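Enquirer: Pasting a structure here, questions to come.
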Amino acid sequence: MALSKKALQSVKGMHDILPKDQPLWEKLRKVTRELGEQYNFERIDTPIVEPMALFERTVGEASDIVEKQMYVLKTKDDDSLVLRPEATASVARAYVEHGMAHVPQPVKLYYFGPLYRHEQPQEGRVRQFHQAGFEIIGGESDPVYDAQIVAMAYRFLEEMKVAKLEIRINSIGCKQCRPIYRKKLVDYYKSRPSCKTCKRRILVNPLRVLDCKEKECEVTKAGAPAMIDSLCTLCRGHFKLVLEYLDELGLSYMLDNHLVRGLDYYSRTVFEIFAEGWDAALAGGGRYDYLLELMGAKATPAVGCAVGLERVGVALTKQGTAVTAKPKPRVHFIHIGDLAKKKSLSLIEALRRGGVHVEESLGKDSLKGQLAAADKNGAELALIFGQMEAFEESIIIRDLKTGAQETVLLVKFVEAVKKRL
Ligand code: HAM
């Protein structure tokens, strides 16, 4: 019996990365690796599956991710595992598990991989998505690292040639000043109109009301007190220095009072980067000085960011600068007759070892069929190897545009082909 139509489609919100998309993904991998190396980060890969408790504690029980978006797996041993919805908590777990606190601090780690969130798919929002992330864990809670992380995320997007970038930044304070601000916000919202979701949020996760996009909350949100006015002296000083470092780097930014981010583990600096004209963040991050403590480890300052890679692709397409494959010089190998066919494989091998990108249609024996394949592939050169050439240990190199051709000896044919490319 044939499979149902549904079983023959990828799962909703999860997509194949097809050969035509691979040049983009190759570039994303390259930029991730190169930036990681330039900024002295080391690569880390953590499992895609983690214990559910890891995210409940760190990302926050009242966050959208934990409340609604996790893919939960029940194992036969009755363990509750999840497909990781984000990677910062995983990297922090690995830092603790492998005793990285005992090597010189801070530890700088980068990653590239898939994440899973059960969200409503829309443009730039999918259920399996990929991030390139950079985390600085340990050392001092120094604003210089916050600025460096913002600069790296920005650089990543610049290297990918996304234009018209906009950095939005805010500080959400610390254990001392945030509760005071939270109270101010709750008091303010109590007596003002807001949507159903915000009425609930103000009780369970008040800062998230600032994230609301509903029309009925617009006026209330616009007049809400700003966190920046409630920062304690230390947080204010920290934020001021972050901004001064960004000024020093020549990076412009927009202070965004409403930027709180959806994950609970942040403290002080939070930021997102957008491309003009599209209201979906391409990258986001911030400081998370309490995350390791939340996991039960020693309090450890940390800051990091992640770039949403599908969104980079969408932004490039919107801007008309999608990454495409560079056309390779095309060489098509054509054989005529059994003896020639037999010797063809080793000649093709010699070309490949010599660095020549060669295509063939060894499965076809007719000259017509092979020439048609060469034409279809847009080949510039044809290497024609027939019975006579096989005996004489030579090969014909034909320029398919001009029709000019030359016979060269096999002993130097690889060099002769290279010269013509
Ligand atoms: P996040 O803001 O949840 O932060 O995700 C970072 C980026 O991943 C977003 O700016 C967006 O580009 C992309 N992204 C998130 N959800 C989706 C989705 N459903 N579909 C497509 N792209 C998506 C974090 O995950 C933090 N762990 C970042 C971080 C690292 N903070 C500190 N270190």
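Enquirer: What number of residues in the range 1-51 are within 30 Å of LEU81 (Cβ to Cβ), in a helix (DSSP H, G or I) and under 20 Å from the mean Cα position of the chain (by Cα)?
Expert: Counting residues in the range 1-51 that are within 30 Å of LEU81 (Cβ to Cβ), in a helix (DSSP H, G or I) and under 20 Å from the mean Cα position of the chain (by Cα) gives 7.
Enquirer: From the set of residues in the range 96-129 that are within 8 Å of the ligand (Cβ to nearest atom) and part of a strand (DSSP E or B), which is most open to solvent (accessible area, probe 1.4 Å)?
Expert: ARG125
Enquirer: Another question, if that's okay. For a quick check of your reading: which strands (runs of 3 or more DSSP E) sit entirely within the range 262-371 and have at least 2 residues that are away from the ligand (no atom under 16 Å from the Cβ)?
Expert: 331-335, 358-360
Enquirer: Given the structure, is ILE48 closer than 16 Å to GLY133 by Cβ and within 13 Å of the ligand (Cβ to nearest atom)?
Expert: no
Enquirer: Consider LEU54 against the criteria (1) hydrophobic (A, V, I, L, M, F, W, C); (2) in a helix (DSSP H, G or I); (3) crowded, with 19+ Cβ neighbours inside 10 Å: it satisfies all of them except one. Which criterion is unmet?
Expert: (3)
Enquirer: Another question, if that's okay. Step by step: first the residues of the range 190-232, then only those that are outside any helix (DSSP H, G or I) and among the basic types (Lys, Arg), then the one that is most open to solvent (accessible area, probe 1.4 Å). Which residue is that?
Expert: Per the criteria, the residue is LYS213.
Enquirer: Let me ask you something else. Could you go through the range 18-26 and let me know if any residue there is aliphatic (A, V, I, L, M) and surrounded by fewer than 16 Cβ atoms within 10 Å (Cβ to Cβ).
Expert: Yes: the range 18-26 contains one or more residues that are aliphatic (A, V, I, L, M) and surrounded by fewer than 16 Cβ atoms within 10 Å (Cβ to Cβ).
Enquirer: For the range 84-95, does any single residue satisfy the condition of being away from the ligand (no atom under 13 Å from the Cβ), more than 29 Å from GLY13 (Cα to Cα) and part of a helix (DSSP H, G or I)?
Expert: No, the range 84-95 has no match at all.
Enquirer: Next up: On the basis of being basic (Lys, Arg) and touching a residue at least 24 places away in the same chain (Cβ under 8 Å), does LYS183 make the cut?
Expert: Here the answer is no, as LYS183 does not meet what is asked.
Enquirer: Taking into account only those residues within the range 138-154 that are within 20 Å of the chain's Cα centre (by Cα) and within 14 Å of the ligand (Cβ to nearest atom), which is nearest to PHE271 (Cα to Cα)?
Expert: Filtering the range 138-154 for residues that are within 20 Å of the chain's Cα centre (by Cα) and within 14 Å of the ligand (Cβ to nearest atom), the one nearest to PHE271 (Cα to Cα) comes out as VAL150.
Enquirer: Which members of the range 142-188 meet the condition of being of a type in the set (S, T, N, Q) and open to solvent by 50 Å² or more (accessible area, probe 1.4 Å)?
Expert: Answer for the range 142-188, where residues must be of a type in the set (S, T, N, Q) and open to solvent by 50 Å² or more (accessible area, probe 1.4 Å): GLN148, GLN176.
Enquirer: Given the conditions (1) within 13 Å of the ligand (Cβ to nearest atom); (2) open to solvent by 80 Å² or more (accessible area, probe 1.4 Å), which single one is not true for SER252?
Expert: Going through the list (1) within 13 Å of the ligand (Cβ to nearest atom); (2) open to solvent by 80 Å² or more (accessible area, probe 1.4 Å), SER252 breaks only (1).
Enquirer: Among (1) within 23 Å of VAL59 (Cβ to Cβ); (2) without any contact (Cβ under 8 Å) to a residue 24 or more places away in the chain, where does GLU218 come up short?
Expert: With (1) within 23 Å of VAL59 (Cβ to Cβ); (2) without any contact (Cβ under 8 Å) to a residue 24 or more places away in the chain applied to GLU218, the lone miss is (1).
Enquirer: Taking the criterion of being within 16 Å of the ligand (Cβ to nearest atom) and either under 20 Å from HIS118 (Cβ atoms) or of a type in the set (Val, Ile, Thr) (or both), would at least one residue in the range 19-30 satisfy it?
Expert: Scanning the range 19-30 turns up no residue that is within 16 Å of the ligand (Cβ to nearest atom) and either under 20 Å from HIS118 (Cβ atoms) or of a type in the set (Val, Ile, Thr) (or both).
The values are calculated or read from the model by the stated rules, or taken from the named source; none is laboratory data. On a predicted model such as this, the values are computed, not experimentally measured, just so you know. Positions of Cβ are backbone-derived with ideal geometry, glycine not excepted, and every protein chain shown enters the neighbour counts. Quick note on the areas: whole protein, heavy atoms, side chains included, nothing else; ligands and nucleic acids left out. Shrake-Rupley method; radii C 1.70, N 1.55, O 1.52, S 1.80 Å.
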